[in-house]
Amino acid sequence: MLLKFQFSSLADMFAMSGHGAFVWASYVITLAGIAYLALGPYLVKRRFLAQQRALQKRIHS
C-alpha cells in the first residue's frame, strides 16, 4: 500500500482549497481552549495560595 500526500505543496496544504482559514482558525481556537482548561486551575490555585500567605502574614504580624 503506497501512501500518497494529499497536497501538491505546503502552500496548498495551508490553503486547503480555500478552506484553510476556517480549518486553521478552528485548530487555534481549540488549542487555546485546551490551554485555558489546562492552565486555568493552576493559576487559580496559585492566586489562592498567594492570598492565603498574605492573610497569614497579616494575622501573625
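The values are calculated or read from the model by the stated rules, or taken from the named source; none is laboratory data. Computed from a predicted structure; not experimentally measured. Every residue, glycine among them, receives a Cβ derived from its backbone with ideal geometry; neighbour counts consider all protein chains shown. Side chains are part of the model used for accessible areas, which takes the heavy atoms of the whole protein and leaves out ligands, DNA and RNA. Shrake-Rupley method; radii C 1.70, N 1.55, O 1.52, S 1.80 Å.
The C-alpha atoms of the chain define a longest principal axis, and helix 20-59 lies at about 10 degrees to it. Overall, the chain carries a charge dipole of about 720 debye about its Cα centre when +1 sits on the Cβ of Lys and Arg and -1 on the Cβ of Asp and Glu, all other atoms neutral. Heavy-atom accessible area, probed at 1.4 angstrom with all protein chains present, ranks VAL28, VAL23 as VAL28, VAL23, highest first. Computed over protein heavy atoms with a 1.4 Å probe, the carbon and sulfur contribution to the accessible area of the chain reaches 70%. For mean projected area of the Cα convex hull in nm², the value computed from the atomic coordinates appears in the list (1) 9.8; (2) 7.6; (3) 4.0 under label (2). Extension gain for the segment ALA25 to ALA50, taken as residue separation times 0.36 nm less the Cα-Cα distance, is 5.4 nm to one decimal. Legend: calculated FRET efficiency, ALA11 to ILE34, from the Cβ-Cβ distance at R0 = 35 Å, rounded to 0.05, equals 0.80.
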